[in-house]
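**Student:** I have a structure here, written as structure tokens, and I will follow up with some questions on it.
The values are calculated or read from the model by the stated rules, or taken from the named source; none is laboratory data. Because the structure is a prediction, the values reported are computed rather than measured. Please note: Cβ atoms are built from the backbone with ideal geometry, for glycine as well, and neighbour counts cover all protein chains shown. Surface areas here come from the heavy atoms of the whole protein model, side chains and all, with no ligands, DNA or RNA. Shrake-Rupley method; radii C 1.70, N 1.55, O 1.52, S 1.80 Å.
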Amino acid sequence: MSLIHKVEQMMMEYGSGSRQSIGAFILDKKASLAKYSLQEIADATYTSKAAVVRFAKALGFSGWKDFLKAFWEEQSYQEQHYTDIDANYPFGPDSTRQDIINQLCSLQIESLLDTADLLDAAPLEECTSLLLRSKRIAVFGLNPNITLAELFKRRMLTIGRQVELPNMGDSGLLAHSLTAEDCALIISYSGNSITHGPLSVLPALEERGVPVIALTSVGDNLLRQRATYTLSISSYERLYSKISTFATENSILYILNILFACCFAADYEANMSYKIDTARRLEVDRRTTEQALREE
């Protein structure tokens with residue numbers, strides 16, 4: 001989870017008071033935060049220098065300078081990978097139709113380029129190998145992520161590989177039915193909510209020795225710590241304050257497409273033959289059905 005996400009999450013946990021004020025200041029001044037002294041931040045947020053330091057320590061840093069260094073490095077990375085398009089608000093109330101066309105196009109392209117930069121060949125190779133040797137593949141997530149996983153499921157089916165997606169409320173049952181010979185994909189942007197959502201199946205998967213591939217945001221989080229392998233989602237949208245998850249969905253779908261493509265390429269000729277043969281058989285079945293209906 002990125003520092004921006006951690007700040008926003010802390011603000012949600014503390015709906016009022018000094019942490020809410022300091023968090024709001026950080027999100028508002030993130031591009032120029034380093035220009036402000038501790039005293040200036042304290043004055044602007046009607047808190048104290050000690051409160052600002054405690055805020056940094058609550059996020060796991062030794063003090064404000066330690067937090068500011070990590071925050072500056074994160075912001076510098078984002079500036080190098082994104083233009084002036086706000087991933088949370090890529091268009092506004094005065095945007096023209098052409099503005100929306102151009103802004104969303106640029107946002108999605110940047111999301112793909114950033115995701116590609118985050119993908120490394122070595123862990124991707126390990127994930128592909130795990131998917132291919134697993135007897136069963138299960139994907140856990142919430143909508144809209146599980147809808148994206150439906151496309152992954154269909155693509156894998158075209159090469160004879162079945163992917164299981166639990167129905168609402170059946171995640172626990174599916175998790176408890178898996179073994180060490182299977183694998184699980186868990187898709188979670190924040191990667192921290194162990195008590196509910198897709199991470200709630202982690203204890204069952206760990207108890208049964210099921211390898212886990214995590215698709216989650218950049219930065220440290222619970223899912224990243226406990227997964228067998230991790231593939232990073234482009235992480236520039238806030239957890240809550242945004243129009244939609246345009247960039248995140250684009251990033252997740254791209255990673256799932258990469259996983260499918262790697263599985264396909266692992267036995268390219270056989271998979272292509274299987275896919276073509278299946279398509280021919282389905283076409284014969286369709287024509288036979290149409291002929292039978294005409295004869296009736």
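**Student:** Could you list, ordered by first residue, the pairs with Cβ atoms under 9 Å in which the first is in segment 97-122 and touching a residue at least 12 places away in the same chain (Cβ under 8 Å) and the second is open to solvent by less than 60 Å² (accessible area, probe 1.4 Å) and of a type in the set (D, E), at least 6 apart or interchain?
**Tutor:** What qualifies is S111/E249.
**Student:** Looking only at segment 96-127, how many residues end up being closer than 16 Å to A227 by Cβ and open to solvent by less than 60 Å² (accessible area, probe 1.4 Å)?
**Tutor:** Counting residues in segment 96-127 that are closer than 16 Å to A227 by Cβ and open to solvent by less than 60 Å² (accessible area, probe 1.4 Å) gives 5.
**Student:** What helices (runs of 4 or more DSSP H) completely inside segment 18-122 contain at least 2 residues that are among the polar types (S, T, N, Q) and under 30 Å from I258 (Cβ atoms)?
**Tutor:** Filter on segment 18-122 gives 64-81, 97-118.
**Student:** Considering only residues that are over 17 Å from the mean Cα position of the chain (by Cα), closer than 22 Å to E249 by Cα and surrounded by 17 or more Cβ atoms within 10 Å (Cβ to Cβ), which ones fall in segment 166-188?
**Tutor:** P166, S171
**Student:** Starting from segment 164-191, keep only residues that are in contact (Cβ under 8 Å) with a residue 12 or more places away in the chain, then list their pairs with residues that are open to solvent by 50 Å² or more (accessible area, probe 1.4 Å) and in a strand (DSSP E or B) whose Cβ atoms are within a distance under 8 Å, requiring at least 6 positions of separation or different chains.
**Tutor:** Final answer for the pair search is L174/E164.
**Student:** Ok, one more. Exactly one condition in (1) surrounded by fewer than 21 Cβ atoms within 10 Å (Cβ to Cβ); (2) over 23 Å from N192 (Cβ atoms) is false for Q9; which is it?
**Tutor:** All conditions pass for Q9, except number (2).
**Student:** Looking only at segment 205-239, how many residues end up being touching a residue at least 12 places away in the same chain (Cβ under 8 Å) and either assigned to a loop (DSSP other than H, G, I, E, B) or open to solvent by 10 Å² or more (accessible area, probe 1.4 Å) (or both)?
**Tutor:** Looking only at that region, the number is 23.
**Student:** Restricting attention to segment 127-142, which residues are more than 26 Å from T245 (Cα to Cα) and of a type in the set (G, A, S)?
**Tutor:** S129, S134
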